[in-house]
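Here's the structure, in structure tokens; my notes come after.
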Amino acid sequence: MRRLISIFAIAALLSACSGKEEAKSHNDANSAPNIMAMDLEKFSWTRQPKSYAIKGDTVEIVTNPGTDLWQRTYYHFQNDNAPVLQMETEERYFSFVVKTDFSESHHRFDQCGIVMYLDSENWLKGSVEYENEEFQHLGSVVTNNGYSDWATTAIDAKVKTMWYRLSRREDDYCIECSTDGERFTQMRVCHMNRGGGKIKFGIYACSPEQSSFKAVFTDMRLTECAWKAHDGQQPD
């Protein structure tokens, strides 16, 4: 019954998209069926950057210096001013995919990626953060009840594009990344304390230090949940 309900619910969510089904193979286990292009008119700014452009299915954001998303942990500061472009849904099972291009990032912590921003103290994000000319941080941040964490791995500074896939199963979430948009690798599985009802999800870009760069987002897609139900050890 829950599966049947989810099918009808995702159909309602997909109505927020353009209705043009992408003609591609779904034989890969990492691919999901019923891929639909996003209608960016359904998105709205939580915080609007001073400079941006939306052209067809492409979003460009020019970051402002001193913008970030972080709450308390280790650094003890709170920074909640990064521009966020999101759409709203109550659907409990879906995946959202986007390609990011950060070729112009050049200063420490310059970043852009995927986000689910609920309020200033409850959100998650996945991105690549510039560090130096040798390496950068591919990572994710989960913030529950006003405290952030940061899980990262170092990747080559030559990487200038990255795909992300955010999947939701009720109030649990999975962030994945891909270099080709086909094969995704898990970055993070997490629980969001306030992520069980209506949510917003989308994209963000920021420059925490004295920097600015243009982040480019393309190929946004909405699909049925590609993060399948767990088939191992059952709950107690």
Percent antiparallel among DSSP beta bridges (both partners in the chain, rounded to 5): 100
Compute the Rg to Rh ratio over the range 139-236 from the alpha carbon atoms, using the Kirkwood formula for Rh, and round to two decimal places. 0.97
For the chain, set up a Gaussian network in which alpha carbons nearer than 10 Å are linked by springs, and say which option among Cys206, Cys112, Cys174 fluctuates the most. Cys174
Leaving ligands, DNA and RNA out of it, work out the accessible area of Glu129 with a 1.4 Å probe and give it in Å² to the nearest 10. 10
In a Gaussian network model of the chain with springs linking alpha carbons closer than 10 Å, the residue among Gly113, Gly126, Gly66 that fluctuates most is Gly66
Return, for the Cα atoms of the range 185-236, the radius of gyration and Dmax in Å, separated by a comma. 16.7, 50
Tally Lys and Arg at +1 and Asp and Glu at -1 over the other residues with C-beta under 13 Å from the C-beta of Thr100: what net charge comes out? -1
Determine the per residue accessible area of the chain with all protein chains present and a 1.4 angstrom probe, expressed in square angstrom. 48
Would you mind counting up the charge near Asn193? Only other residues with Cβ under 12 Å from its Cβ, with Lys and Arg at +1 and Asp and Glu at -1. -3
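Under a 1.4 angstrom probe, counting protein chains only, how are Tyr130, Tyr52 ranked by accessible area, largest first?
Working: Tyr130 25, Tyr52 90 Å².
Largest to smallest exposure gives the sequence Tyr52, Tyr130.
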For the range 54-63, take each phi angle, set θ = phi - 60°, evaluate the Karplus expression 6.51 cos²θ - 1.76 cosθ + 1.60, and give the result in whole Hz per residue in order, putting x for glycine and proline. 10, 10, x, 9, 10, 10, 10, 10, 9, 6
Based on C-alpha coordinates, I'd like the Rg and Dmax of the range 71-110, in Å. 15.3, 37
So for the range 55-181, Kirkwood radius off the Cα pairs, Stokes-Einstein at 4 °C and 1.567 mPa s: how many µm² s⁻¹? 84
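Calculate what fraction, in whole %, of the accessible area of the chain sits on carbon and sulfur atoms when a 1.4 Å probe is rolled over the protein chains.
Numbers: 5370 of 11420 Å².
Ligands and nucleic acids excluded, carbon and sulfur give 47 percent.
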Using protein chains only and a probe of 1.4 angstrom, how many square angstrom of Trp150 are accessible, to the nearest 10? 90
For the chain, modelled as a GNM with alpha-carbon contacts under 10 angstrom, which of Lys198, Lys214, Lys55 fluctuates the most? Lys55
Mean residue ellipticity (222 nm) of the chain, computed from DSSP H runs ≥ 4 via -39,500 (n - 2.57), nearest 500: -1500 deg cm²/dmol
Report the convex hull volume per residue for the chain, counting only C-alpha atoms, in Å³. 132
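The values are calculated or read from the model by the stated rules, or taken from the named source; none is laboratory data. These figures come from a predicted structure and were not determined experimentally. Virtual Cβ from ideal backbone geometry, glycine too; neighbours counted across all protein chains shown. These area figures cover heavy atoms from the full protein model, side chains too; ligands, DNA and RNA do not enter into them. Shrake-Rupley method; radii C 1.70, N 1.55, O 1.52, S 1.80 Å.
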